[in-house]
1. Got a number for residues in segment 500-540 being open to solvent by 10 Å² or more (accessible area, probe 1.4 Å) and part of a strand (DSSP E or B)?
2. Considering each of V456, V492, V483 in turn, give the residue that is of a type outside the set (G, A, S) and either free of Cβ contacts under 8 Å to residues at least 24 places away in the same chain or open to solvent by 20 Å² or more (accessible area, probe 1.4 Å) (or both).
3. Quick one: in segment 595-625, of everything that is under 28 Å from G50 (Cβ atoms) and of a type in the set (S, T, Y), which residue is surrounded by the fewest Cβ atoms within 10 Å (Cβ to Cβ)?
4. Name the pairs whose Cβ atoms lie under 6 Å apart, with the first residue in segment 611-627 and among the β-branched types (V, I, T), the second assigned to a helix (DSSP H, G or I) and surrounded by 20 or more Cβ atoms within 10 Å (Cβ to Cβ), and 6 or more positions between them or separate chains?
5. For segment 583-594, what are the residues that are open to solvent by 10 Å² or more (accessible area, probe 1.4 Å) and of a type outside the set (G, A, S)?
6. Kindly list the number of the only condition in (1) open to solvent by 10 Å² or more (accessible area, probe 1.4 Å); (2) among the hydrophobic types (A, V, I, L, M, F, W, C); (3) touching a Pro at 6+ places or on another chain (Cβ under 9 Å) that fails for V239.
7. Keeping to segment 652-700, report how many residues are within 24 Å of Q106 (Cβ to Cβ), at pLDDT below 85 and among the aliphatic types (A, V, I, L, M).
8. Please go through segment 674-693 and pick out each residue that is surrounded by 17 or more Cβ atoms within 10 Å (Cβ to Cβ) and either touching a Lys or Arg at 6+ places or on another chain (Cβ under 9 Å) or farther than 30 Å from A182 by Cα (or both).
Amino acid sequence: MPTPHHNPADSDRQSPRNGARLMLWLLLTVATAIGNAAPVAVALPKLPMGAPGSAANLACEEAVATFFHAGGTEYGEMRFIAPCFEPGAATLTTADGKAMRLYAMQPGVVRPGNFAATEFSAPLVYVGSGDDAELARIAGTPLRDAIAVLDFNCGDAWRRLLRFGVIGFIFLEDGDNDYQDAVDKMTGGEVAIPRYYLAADDAAQLREAFTAAKSLPATLQATPSRWTNRELRNLWALVPGADPQLSNEVIVLCAPMDSNAIVPEFCGGGQTQANLRLLLQLYQRFLAAPPARSVLFCAVNAHTRNTLGERILAWNLLTPRSKVEQLLDSVNQSLRSEEMFLGHYQRLSLDPPCDDDEAFLIQLRDLVDSTTGKNVSVKEPIVDLARREVNLLKEQLLRLARDKSISEEEGRRRSRELEARRQHYVNVLTLFNKAGIRTKLSELDDVELNILRSYVHEIVDTRRSWSELNRQEMARVTANNAVRGILGMRSVRLVLNLELSWQNRLIGLSANDPTCTGRWQQPFGVHAAAVATEITGDDAAGMTFIDGMTRRGGLPENHYFPRNSETVSVFQAAGPTPAFAVRNVFSSYNRLFTTADRPEAIDQQLQEDTTQFLATFCARLFSDPSLSDPSLLLTPTNQARTWQPIWGVLVRSFKFDDFSASVMPQLPVPGSMLLMHDPLDGDRLLRSGDVLTGYLALTD
């Protein structure tokens, strides 16, 4: 490059050193051109919608991953394990041989509503709307052990029938897809109530069959519904900003990939798909014309599982590194503990027993390991196993002594057998005594050797399995945090979550502060409204921006947004970070959580106009230099008590062993659903329209 004192007369003279500089400059120019190559034009993919972990959901996840990959910018993923509901298939066969497909409905709090048998016969009783008039109409018709059939628009009247001893419910599609009707079909407690949905055509035929009878015989075949763990992904792609200085500031745009409905197999996800499509369309436009600031596009999964996807994103992108490392330390501590026990017990071959085994067992009596940072008695796991069996047999001997239903001779015979078995376990247990009665490996008989081998194998297999799970979790968290490395010196300025209900042409921003108590959002709200007023003509596309965060005219946020939207609170709690939801003003949840929430139900012209307006609005807002002013984007406060500071915890599931002397739970409980419910949720089962409350985890 020429210097300020460049002499044109020297322009034709190049020393070898200057030539090297010129070549270096050319190389840097070429490298920069390659790095800033025009992004590839990417066509929008098909976006099938479904519940987390369903075939449609995984297909959508893959479509978005392929789309971001084809964009040619930095992209990545965050993998995590989520409990996914698998509805079981069911068929209703009437007396005339007509087979009808039944669809399992949402579980209660967590327990699926399965029948006791997979195939059985039961009478069907049509109760219509379930009100007093309908109950009077079927007076005298037995309901005990029957399946009640009701119209879907019965609200929560179906619950009244539980006292009559019905064994399950079938709800008939009636075209009335009201949000509250769908919510009313959720159970309010942890009970397994079988509930199924019959689609329109079959529902009409069944109603017709009931015109001639109050009760119909039928046969049901029902595969049980269940929960299963699946690995899901959050997907992200970074569009670098066009301004060399402002590109170090990042705006995060977020939308979910999963949907939810009262009937999981009818998760059309029209509103969710429209928000996701909007996210991808903005990605397309910003690829072609990047704003001044960098934009991180994030498509999250398991949003409907208590915003799990958003929490994973916030944890790996926004949470202070010190908090993340605290959780990693917990996992790492567990890993060190399992590997410590594994290292010791793998030394025992016992096939056949040898002198080294005997020497190690003697050493084990006093062996204490401090490599994990704590003094741990290495014999503890195997002693607990042996002591449990000894105590179990003691308890059986006590019960036998109190059993008056058997003869004295039979009692003595069983007692001798139990005592002989107990002695085998005692001999194994006394291998590890420091003092008193002690046995040696060479003194054990074949039965006792097999007992000892089984203990060693159980400890090795369990610790190896737990070690592998901990390694997988460490690797997963480390890989998920890679987004921080991609951002480098860039910092997240704010988060915008796309939560449009697609009901009208009024758009606003929400901080999920219903009464505007926090006031931290006011400066940004004023500025965003000012940016929006500058959008006119074709760019406005007939849309109107409403300032709902600044108490304009004395009206709080809940005047403009009657329904809360708590997803942004997840991002506000991390960092904390300024986060806002892009929403339609004066709108409800619309078709969320109903079977009518299908893509074709969204007004296509409204979707195009909304995209045009928000593309212009975001481009101008993200390029506005004043957005860097510290007084514009303030730190979120929690005066409205809409969120708690983000936290992470390692949860294990164990139960107390009745036959162990340990004061801590030691028996692992696999295949169990864990539910932690936020007391602030009260008895709510849903939040933000279709998001299930409660922190769910399925033990591995």
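The values are calculated or read from the model by the stated rules, or taken from the named source; none is laboratory data. Remember, it's a predicted structure, so these values are computed and weren't measured experimentally. FYI the Cβ positions are ideal-geometry reconstructions off the backbone, even for glycines, and counts take in every protein chain you see. With ligands, DNA and RNA removed, areas are computed over all heavy atoms of the protein, side chains included. Shrake-Rupley method; radii C 1.70, N 1.55, O 1.52, S 1.80 Å.
1. Count: 1.
2. Matching residue, one of V456, V492, V483: V492.
3. T611
4. Qualifying pairs under 6 Å: T611/L278.
5. Of everything in segment 583-594, those that are open to solvent by 10 Å² or more (accessible area, probe 1.4 Å) and of a type outside the set (G, A, S) turn out to be R583, F586, Y589, N590, R591, L592.
6. (1)
7. Of the residues in that region, 1 qualify.
8. Passing the criteria: S688, G689, V691, L692, T693.
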